[in-house]
Amino acid sequence: MFEKLRTRVSSLVKKVATTELKADQLHTILEDFKLSLIENDVAMSVADHICKEMEKRLDGLQVKRLDDRRKIVEERLQEILLEIMRAKDKTDFLEMVEKKRETNEPHVIVFVGINGTGKTTSIAKVAKLLMKKNYSVVLACSDTYRAGSIEQLEEHAKRLGIRMIKHKYGADPAAVAYDAISHAKAHGVNVVLIDTAGRIQTNRNLMNELMKIKRVVSPDLTVLTVDALTGNDAVMQAEEFHKSVGIDGTILTKVDADVKGGSALSVTCVTSKPIFFIGVGQEYEDLQEFSPERFTQMILG
């Protein structure tokens, strides 16, 4: 993962470590690095921020003769990356689920995102993760438009051995979500996972319908799934969904195939919301809790 970005970072560290730490010397190197970041799916505003912070923190820095210059440069870059990756909103996914269980009320999560990002599969992966931690789960198919959506989620429910609440195609998505929550309350189910129609973020009618679902069910969390391989489009999706309906965090899918890595940096920065999980394969177990520390270590090699 992230091979291209890691190579660019290594090149930057090497160049800076052999350069006089003065603004005029650093500026050209960092301008080249900014272009490399953009080529690796880092949003322009984020790339600009990283390079300006690097210049500010290294300009005039006094380095002793025996100090490891490379290590000093790496430490400054790691500080900046961690500041970006540690979202201002400190929402802890599993901690919220546990706190809600203590109230004997179901924890309600609405999943949003456009078709093709792996949203429905991610819901099944989250269900599997919660079941392994001894939470009971029910699925709700509020995607009542896309052909095959009900059957797809139903198949996941059968494989996982859990209940799925559904209506007919064309039914009111909010009504499906409401019925799933009623079922959870009646049967003491801990978590309700609601699948919604894949929405093109510029489609205002569909966004309004998504807001209706949120008004009806008042979810504890709204989670956006974005495909790491779509690069800057993932950033635009995150920005638009957060602005239109409000999200509490993201799941970044197909990270195992991502050689660039810029999407993770950018999505967190533009929304100030955490990445809860990353998808790293096709199996139900291929879902990892996201760690900013591990992510930055992977980039720095």
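Here are the numbers for the structure shown:
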quantity	calculated
Mean Cα-pair separation over length for the range 47-185, i.e. relative contact order, pairs under 8 Å, 6 or more apart, %	18
Cross-link table LYS71/LYS273; LYS133/LYS214; LYS4/LYS254, entries beyond 18 Å C-alpha to C-alpha	LYS71/LYS273; LYS133/LYS214
Helical mean residue ellipticity (222 nm; -39500 (n - 2.57) per DSSP H run of 4+; nearest 500) of the chain	-17000 deg cm²/dmol
The range 3-85, dipole about Cα centre (Lys/Arg Cβ +1, Asp/Glu Cβ -1), debye to the nearest 20	360
Choice from ILE29, ILE50, ILE165 with maximal GNM fluctuation in the chain (Cα, 10 Å cutoff)	ILE29
Anisotropy class of the range 1-53 from Cα gyration tensor, a/c 1.5 cut	oblate
With at most 10 other Cβ atoms within 10 Å, longest stretch of the chain clear of loop GluC sites (Glu not before Pro) (DSSP)	103-282
Relative contact order for the chain, counting Cα pairs under 8 Å that sit 6 or more residues apart, in percent	26
Residue-count net charge about LEU287 - beta-carbon cut-off 10 Å; Lys, Arg +1, Asp, Glu -1	-2
Gaussian network model of the chain, Cα within-10 Å springs - most flexible of LEU153, LEU206, LEU252	LEU206
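Read-outs throughout are calculated quantities, based only on the coordinates presented, and are distinct from any laboratory measurement. Not measured: the values here are computed from a predicted model. As a convention, Cβ positions derive from the backbone with ideal geometry for all residues, glycine included, and neighbour counts pool all protein chains shown.
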